[in-house]
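This report refers to the structure that appears directly beneath it.
The values are calculated or read from the model by the stated rules, or taken from the named source; none is laboratory data. Computed from a prediction, not measured in an experiment: that's the story for all the values here. Reconstructed Cβ throughout: ideal geometry from the backbone, glycine too, with neighbour counts over all protein chains shown. With ligands, DNA and RNA removed, areas are computed over all heavy atoms of the protein, side chains included. Shrake-Rupley method; radii C 1.70, N 1.55, O 1.52, S 1.80 Å.
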Amino acid sequence: HILSGTGRPMTAWVRELAAVARYTVAVGTCAAYGGLASSGSNPTEACGLQHEGDRVGGLLGADYRSGAGLPVINIAGCPTHPQWVLETLMALAAGMFDAAQLDALGRPRFYADKLVHHGCPRNEFYEFKASAQKPSDQGCLMEQLGCKGTQAHADCNTRLWNGEGSCVRGGFACISCTEPGYQDPGHPFHQTPKIAGIPIGLPTDMPKAWFVALSSLSKSATPRRVRENATADHPVVTPAIRKTRLK
């Protein structure tokens, strides 16, 4: 009977269902944090179920807990990976999911404790700071083309989409779609904002001074193969043949 009546806003339905739900799961970044629906001036006052951006609150409020005693489970992603949804629901059904399985933003830790950078096929280019200059290039997309894979919490490059793909494998920079506020980065998605030539969005767990020092060393040691392949759309220099045995 809680869904009876016409002309009621969807928010009223959600509040009443959430009040009696054993678990409440937000699937997608819009449901979790507001996402694209809340971008710009947000005239519809869109927000997540229990977050408004990265602030706890949202539609259900900071104190909301489901019948099982859990806050809203935010399976963030735009789109979210089907396996993130299935694994979460399977763990809930098996009674193997509790509050310790959620990160600080309410995301399941089995995917949110990883970075998109992990398993990226462009990591050799990243290590030598051999950067792509245009979308079709093979090089690292971080320094010039806006990639946030070193900051984005997700396992997209180790849990491939359809078993074989990811954004960066398709030549597109990671826009950090699992994070609150990704939709309004303050700069074009395909550009890397910089100050004095240094990218603002550095890896999440590396001090800026270390990054600058290591970048300089890495670039000075870049092999010709890596440097030339970085700005080409296919390998133009193959690995050198060397003896790998001791004698």
query = Inside segment 213-247, can you point out the residues that are closer than 15 Å to Glu127 by Cβ and touching a strand residue (DSSP E or B) at 6+ places or on another chain (Cβ under 9 Å)?
reply = Ser215, Ala230
ask   = Got at least one residue in segment 85-104 being part of a loop (DSSP other than H, G, I, E, B) and hydroxyl-bearing (Ser, Thr, Tyr)?
value = no
request  = Within segment 20-31, identify whether any single residue is in contact (Cβ under 8 Å) with a residue 24 or more places away in the chain, in a loop (DSSP other than H, G, I, E, B) and buried (at least 18 other Cβ atoms within 10 Å of the Cβ), and answer yes or no.
outcome  = yes
key: Considering residues of segment 34-83 that are on the phi > 0 side of the Ramachandran plot and at pLDDT 95 or above only, the residue most open to solvent (accessible area, probe 1.4 Å)   = Gly69
ask   = Looking at Glu87, is it assigned by the TED database to the domain that holds Arg15, on the phi > 0 side of the Ramachandran plot and open to solvent by 30 Å² or more (accessible area, probe 1.4 Å)?
value = no
request  = Would you point out the residue of segment 110-133, among those that are in contact with a helix residue (DSSP H, G or I) (Cβ under 8 Å, 6 or more places away or on another chain) and open to solvent by 40 Å² or more (accessible area, probe 1.4 Å), that is nearest to Thr222 (Cα to Cα)?
outcome  = Phe128
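When segment 92-107 is examined, which residues are found to be of a type in the set (A, V, I, L, M) and open to solvent by less than 20 Å² (accessible area, probe 1.4 Å)?
Of everything in segment 92-107, just one residue is of a type in the set (A, V, I, L, M) and open to solvent by less than 20 Å² (accessible area, probe 1.4 Å), namely Leu92.
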inquiry  = Being of a type in the set (D, E, K, R), touching a residue at least 40 places away in the same chain (Cβ under 8 Å) and closer than 24 Å to Thr80 by Cα narrows it down to one residue among Arg159, Arg227; which is it?
reply    = Arg159
Flag for Glu143 being surrounded by 13 or more Cβ atoms within 10 Å (Cβ to Cβ) and without any contact (Cβ under 8 Å) to a residue 24 or more places away in the chain = no
